[in-house]
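Undergrad: This structure is in structure tokens; I'll ask about it shortly.
The values are calculated or read from the model by the stated rules, or taken from the named source; none is laboratory data. Source: prediction; values computed, not measured. Here the Cβ is made from the backbone with ideal geometry for all residues, glycine too, and neighbour counts use every protein chain on show. Only protein heavy atoms, including side chains, enter the accessible area calculation; ligands, DNA and RNA are left aside. Shrake-Rupley method; radii C 1.70, N 1.55, O 1.52, S 1.80 Å.
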Amino acid sequence: MTDHPAMLKGVAVSRGIAEGAAYVLDDAVPLAVPRRTIDDGAVASELARFAAALDEAEACLREVRDDLERQIGSEEARVFEADMLLLRDPTFSRRVTEHCAARKINVEAAVADVVEELALGFAALDDVYFRERAADVRDVGRRVLERLLTHRCEHPRHLPDGVILVAVELLPSATARVNLQAVRGIVTERGGRTSHTSILTRSLGIPGVVAVAEAVRRIKSGDTLIVDGMAGSVHVNPSPRVRDDYARSQAEFLAYRNSLAEIVALPAETADGAAVELSANVGKIADAEAAMLFEADGVGLYRTEFGFLVRDRFPSATEQHRMYEAVVDRLRSRPAVIRLLDVGSDKPLSYFPMAEEPNPALGRRGTRLLLRHPDLLRAQLEAILRLSATHAVSVLLPMIGAVEEVVEVKAVMADVAAGLRRAKVPCNSGLPVGAMIETPAAAVLARELAQEVDFLSVGTNDLVQYLLSADRTSETMTAYYEPLHPAVLRTLHAVVEAGRAAGKKTSVCGEMAGNPAYAELLLGLGVRSFSVTPGEILEIKKVIRAASLARARQLAARVLTLRTVEEIKACCRGSGVAFAAEL
Ligand code: PEP
Ligand code: MG
């Protein structure tokens, strides 16, 4: 344990304050495996321990799968079945048995050697799919070793209640395996404001700080931590004075959060009567339920990647239909915008064989990738079209870079719809189609794109990264990744104007829409439709209800004349916008 108090700095990504014991996810740290020689007579008992460890690891996996099934309510838990198959792979057992008997070594050492051999074998293969299996083999091997070494199931689903999770990085595939309800706060070494850890942390409504250098080395499991999700600091084993001080701030913050409950049923409209649509960003059933808890107007962005990430192969059109229906069913007939699969770059999919690219963020991703895999595109469109017969859904195309990409997808969609009609399968042939505006090219062509689609949705997370050439996932680029950059604000304004001129709804669904410090400025720039993480709905509504549209317009008009981020921040602070202190 680090016994003296320390304060680590990072980037604040989710508001709030939490105190708790650290739980360091050390999946990346190799287990210390003892190695000793054994006599002939001990081989049988070692192998019996191995057999028992396999049974226990399997039982543990089954529990995790059942738990996940309960949490997210469908077949997403299937990924664990693949792990179970690996665990029971006869080659694995045979090699461990042979290794232990031939070398006369303890079974932990035999397991560690065989796992490494198998993993290296996979890692050396050309095919990305098989290379990814190397990580799975190590993961499964680790489970068996944990049973042998500690007799405990070390899977993080057994996180004790109220811990602060500390990790190098939390990728969506890893978080799908953790009992996140137990977590009170999150600290990671990697990531920026719009990386997946950050989005996840906000959707859980717990404080988070990312880009904390060497967090995993400097924090030990069991250390007392205070996570300050406003200031971006993490206090390790703080002094009683610091703890008292934070206890007071936490009480004030909770009182403020509770006060938000009063506005759940009230409309999102400005003090001078302008109506604003306030929808939710969701990825799974639990998010849809949270969205309804906060009375979202609907779902402005359903990221479908989650349902794909937690599987070990592509779901069929029928499985996808079921998956989307389960989410949309929770929305009490409110509309949902379902985004086509956006994989590639920062959203890899282990079973999607993608060519290695030197620069993945500028590589094939989103709609361009789907157009190269027409079967996948058609299956997803079929699922959404079938759902459109019974639910108010529309389809959103990610990472659009050119008008012809929209035209191509629409042609495929028309063909899939015609096939469904021929097969007498009902669907809405007028299913609305929208384009994400998240590349500079799409922003420049917003007027032309608006002619081609029914609505636009601005993905500021990617738009900011591409406009400013600043990686959204990189902790070293945080200072350059600035939503208040004049180039970003002018682009946003131009896109909203293009949508308005074409008479098409333009919403903002990137993380910028959920930051209360930007809400008035966005209103002033003409944004009337926000789609945010469910946990941010009430905070944004509160700012909207307190804002005056006339004043917001004046602020935006002034800001659009400014040349630097500092001038823009000073202007916002000077005009007293809500949460200006956090800019
Ligand atoms: C965005 O880029 O702003 C967006 C909403 O999409 P994602 O964060 O899923 O890339
Ligand atoms: Mg995006």
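Undergrad: Between segment 449-479 and segment 210-277, how many Å separate their Cα centres?
TA: That distance is 27 Å.
Undergrad: Just to verify a number: what accessible area does PHE314 come out at with the full protein assembly present, 1.4 Å probe, Å² rounded to tens?
TA: In the full protein context, PHE314 sits at about 50 Å².
Undergrad: Write down the accessible area per residue of the chain in Å², having rolled a 1.4 Å probe over the full set of protein chains.
TA: For the chain, the solvent-accessible area averages 41 Å² per residue.
Undergrad: Moving to a separate point now. Taking the Cα centre as origin and putting +1 on Lys and Arg beta-carbons and -1 on Asp and Glu beta-carbons, what dipole magnitude results for segment 302-433, to the nearest 20 debye?
TA: So the magnitude is around 480 debye.
Undergrad: Among PHE530, SER345, THR367, whose Cα lies farthest out toward the positive end of the dipole of segment 277-582, if unit charges sit on the beta carbon of Lys, Arg (+1) and Asp, Glu (-1)?
TA: PHE530
Undergrad: While we're on this one: Identify, among ALA435, GLY419, LEU456, the residue whose Cα sits farthest towards the positive end of the charge dipole of segment 402-506, taking +1 on the Cβ of Lys and Arg and -1 on the Cβ of Asp and Glu, with the dipole about the Cα centre.
TA: Selected residue: GLY419.
Undergrad: If DNA, RNA and ligands are ignored and the probe is 1.4 Å, what is the ranking of CYS509, CYS427 by accessible area, most exposed first? It would help to have the intermediate numbers written out before the result.
TA: On the way: CYS509 0, CYS427 30 Å².
Per-residue accessible area, sorted high to low, gives CYS427, CYS509.
Undergrad: On the principal axes of its Cα set, how long, how wide and how thick is segment 277-582? Give whole Å, largest value first.
TA: Computed over segment 277-582, the largest-to-smallest principal extents equal 61, 45, 35 Å.
Undergrad: Ranking request for peptides 480-486, 419-425: highest mean number of other beta-carbon atoms within 10 Å first, then the rest in descending order.
TA: Ranking the peptides 480-486, 419-425 by packing returns 480-486, 419-425.
Undergrad: Two decimals, Cα atoms only, Kirkwood Rh: what is Rg/Rh over the chain?
TA: 0.99
Undergrad: For segment 277-582, give me the percentage of DSSP beta bridges that are antiparallel, rounded to the nearest 5 percent. Walk me through the numbers before you get to the answer.
TA: On the way: 1 of 27 bridges.
Beta bridges within segment 277-582, antiparallel portion: roughly 5 percent.
Undergrad: Using a Förster radius of 35 Å, what is the FRET efficiency between LEU293 and MET477 based on their Cβ-Cβ separation? Nearest 0.05, please.
TA: E(calc), rounded to 0.05, equals 0.50.
Undergrad: Turning to a different aspect of this structure: Can you give me the convex hull volume of the Cα atoms of segment 331-384, divided per residue and expressed in Å³?
TA: It is 107 Å³ per residue.
Undergrad: What is the magnitude of the charge dipole of the chain about its Cα centre, with +1 placed on the Cβ of each Lys and Arg, -1 on the Cβ of each Asp and Glu, and no other charges, expressed in debye to the nearest 20? Walk me through the numbers before you get to the answer.
TA: Working: 70 positive and 79 negative charges, 242 e Å.
Roughly 1160 debye, rounded to the nearest 20.
Undergrad: Say each of ALA21 and GLN554 gets a label point 7 Å from the Cα, pointing the same way as Cα to Cβ; how far apart are those two points in nm?
TA: About 5.5 nm separates the two model spin labels.
Undergrad: Another question, then. Positive end of the dipole of the chain, charges at C-beta (+1 Lys, Arg; -1 Asp, Glu), about the Cα centre: which of GLN181, ALA513, ALA446 has its Cα farthest in that direction?
TA: ALA446
Undergrad: Does segment 480-544 come out rounded, prolate or oblate, given a ≥ b ≥ c as the square roots of the eigenvalues of its C-alpha gyration tensor, rounded meaning a/c under 1.5 and, failing that, prolate meaning a/b above b/c? Walk me through the numbers on the way to the answer.
TA: Numbers: a/c = 1.99, a/b = 1.25, b/c = 1.60.
Because a/c hits 1.5 or more and a/b fails to exceed b/c, segment 480-544 counts as oblate.
Undergrad: Would you please put 528-541, 260-273 in order of how densely packed they are, using the mean number of other Cβ atoms within 10 angstrom per residue and starting with the highest?
TA: In descending order of packing, they fall as 528-541, 260-273.
Undergrad: On to the next question. Find how much the distance from ARG313 to ALA251 grows on full extension, using 0.36 nm per residue of separation minus their present alpha carbon separation; answer in nm with one decimal.
TA: 17.7 nm
Undergrad: What full-extension length gain, to one decimal in nm, is calculated for ARG36 and GLU98 as 0.36 nm per residue of separation minus the Cα-Cα distance? Kindly include the intermediate steps, with their values, before the conclusion.
TA: Numbers: separation 62, 0.36 × 62 = 22.32 nm, distance 1.62 nm.
That pair, ARG36 and GLU98, stretches by 20.7 nm at full extension.
Undergrad: Could you work out what % of the accessible surface of segment 277-582 is carbon and sulfur, using a 1.4 angstrom probe and leaving DNA, RNA and ligands out of the count? Don't skip to the answer; put the middle values down first.
TA: Numbers: 6080 of 11390 Å².
Solvent-exposed carbon and sulfur of segment 277-582 make up 53 percent of the total.
Undergrad: Based on Cβ point charges of +1 for Lys and Arg and -1 for Asp and Glu, what charge dipole magnitude is obtained for segment 277-582 about its Cα centre, in debye rounded to the nearest 20? Before the final figure, lay out the partial values.
TA: Numbers: 36 positive and 36 negative charges, 171 e Å.
Around 820 debye, computed over segment 277-582.
Undergrad: Also: Filter LYS542/LYS569; LYS410/LYS504; LYS284/LYS347 down to the pairs with a C-alpha to C-alpha distance above 24 Å, please.
TA: Listed pairs above 24 Å: none.
Undergrad: Another one. For labels at ALA487 and SER239 in the simple 7 Å Cα→Cβ model, what's the distance in nm?
TA: Going from the ALA487 label point to the SER239 one covers 4.5 nm.
Undergrad: Run a plain Debye calculation on segment 403-543 (Cα atoms as equal point scatterers, no solvent) and give log10 I(q)/I(0) at q = 0.08 Å⁻¹, rounded to two decimals, same order as the q list.
TA: Here log10 of I(q) over I(0) equals -0.26.
Undergrad: Using θ = phi - 60° and the Karplus form 6.51 cos²θ - 1.76 cosθ + 1.60, what ³J(HN,Hα) does each residue of segment 571-583 get, whole Hz, x for Gly and Pro?
TA: 5, 5, 5, x, 8, x, 5, 4, 6, 4, 4, 8, 6
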